[in-house]
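Q: This is the structure, below, for whatever I ask next.
The values are calculated or read from the model by the stated rules, or taken from the named source; none is laboratory data. None of the values given here were measured: they were computed from a predicted structure. With ideal geometry, Cβ positions are generated from the backbone for all residues, glycine too; neighbour counts draw on all protein chains shown. In case anyone asks, the SASA skips ligands and DNA or RNA and just uses the protein heavy atoms, side chains included. Shrake-Rupley method; radii C 1.70, N 1.55, O 1.52, S 1.80 Å.
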Amino acid sequence: MEANLFFKIVVNRQFLVFLLVFLSMGFNAQISIFPWRETFEDNSPTRASWTQIHETNNVDWTFVSAATTGSTGVVAFDGVKFANFPANTSSADKTKLVSPPFNTASLTSPKISFRLINPQLNGNANWVRIYYRMSATDPWITLLGFQPPFASWYLFANIGMPPNIYQIAIECESTQGYSTLIDGVTISNADLSTHDILKLVKTSVKYYPNPAKEVLNYTSDEKIHEINIYDAAGKKIQTSRVDSNNGNINVAALSKGMYIISGKTEKGNTEPFKMIKK
């Protein structure tokens, strides 16, 4: 009887060890099938694996269908929910939203795409930064940082990253803007198609030509008060007061590269557009 009891204890302990190892493997499983897309929906198989690093104070990103502040009436691009950084305190809150770990060995040229809303409050918009790291113990490396005011969903598409990244992080630093919203985070090995980009960038202001060389034309159903130009780092480099539904702005002095065009309509909406200067 004692021998049988000892055997049962040994078996139970072995099963417990196996179960703990199995659960540990499950919780730390790496994403290895691409393209991978995070929609932040309740039924997302990976949403629960996102973690948070509080850099300043303890404000959490939340997964919601309505922004904590600002963006009244905005709906998610993918499904009904999005990631929301509340920005509802008077402090300079800063938190990283950290992805599950990846196994990107199959990606020769990984790219990240995502949608963003980052509206102004009294002229202030929050800082948003995108990071990556190569292992769980490596330091975070800044991929992109910007502070332009986007009042409607804007698509950042096909931003290149080095091979073998381990994780990405989306950081918001509150600078007294309205809530910052993120949706549709995608990791892939190929550029999103022109069709996808045109479908996802919602704007009532149309710009052409793109690429532009000397002038950029614009037209809108709403009267446009001003057009701002930001460089790839999010720094405002040009403002043109236009007060019209259509016309053009001079971009001849800009260096070659990618710029973000933000037209402010009479309703106060900022409509972003990605322009290539040739």
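Q: In the stretch 77-132, which residues are within 21 Å of Asp183 (Cβ to Cβ) and among the small types (Gly, Ala, Ser)?
A: Gly79, Ala83, Ala87, Ser99, Ser113, Ala125
Q: Can I ask one more? Filter the stretch 226-239 for residues that are in contact with a Lys or Arg (Cβ under 6 Å, 6 or more places away or on another chain) and buried (at least 18 other Cβ atoms within 10 Å of the Cβ) and give the result.
A: Result: Asn228, Tyr230.
Q: Going through the stretch 78-94 one residue at a time, which ones are surrounded by fewer than 19 Cβ atoms within 10 Å (Cβ to Cβ) and under 18 Å from the mean Cα position of the chain (by Cα)?
A: Asp78, Gly79, Val80
Q: Name the residue, out of Asp221, Asp196, that is out of contact with any His (no Cβ under 6 Å at 6 or more places or on another chain), in a strand (DSSP E or B) and modelled with pLDDT under 85.
A: Asp221
Q: Quick check on my filter: what residues within the stretch 43-62 are surrounded by 16 or more Cβ atoms within 10 Å (Cβ to Cβ) and of a type in the set (A, V, I, L, M, F, W, C)?
A: Those that are surrounded by 16 or more Cβ atoms within 10 Å (Cβ to Cβ) and of a type in the set (A, V, I, L, M, F, W, C): Trp50, Val59, Trp61.
Q: Please go through the stretch 240-262 and pick out each residue that is buried (at least 17 other Cβ atoms within 10 Å of the Cβ) and among the hydroxyl-bearing types (Ser, Thr, Tyr).
A: Ser240, Tyr259, Ser262, listed by residue number.
Q: Could you please find all residues in the stretch 16-42 being at pLDDT below 50 and either under 29 Å from Asp183 (Cα atoms) or open to solvent by 70 Å² or more (accessible area, probe 1.4 Å) (or both)?
A: Passing the criteria: Leu16, Val17, Phe18, Leu20, Val21, Phe22, Leu23, Ser24, Met25, Gly26, Phe27.
Q: For the stretch 102-113, give me the residue count where each residue is out of contact with any Ser or Thr (no Cβ under 6 Å at 6 or more places or on another chain) and buried (at least 16 other Cβ atoms within 10 Å of the Cβ).
A: Of the residues in the stretch 102-113, 4 are out of contact with any Ser or Thr (no Cβ under 6 Å at 6 or more places or on another chain) and buried (at least 16 other Cβ atoms within 10 Å of the Cβ).
Q: Then there's this: Can you name the residue in the stretch 120-138 that is under 20 Å from Asn58 (Cβ atoms) and part of a strand (DSSP E or B) and is also least open to solvent (accessible area, probe 1.4 Å) among such residues?
A: Only one residue fits best here, namely Val128.
Q: Among the residues of the stretch 199-218, which ones are among the hydroxyl-bearing types (Ser, Thr, Tyr) and at pLDDT below 85?
A: Thr203, Ser204
Q: Picking from Ile159, Ile141, which residue would you name as being open to solvent by 10 Å² or more (accessible area, probe 1.4 Å), among the aliphatic types (A, V, I, L, M) and modelled with pLDDT of 95 or more?
A: Being open to solvent by 10 Å² or more (accessible area, probe 1.4 Å), among the aliphatic types (A, V, I, L, M) and modelled with pLDDT of 95 or more holds for just one of Ile159, Ile141, which is Ile141.
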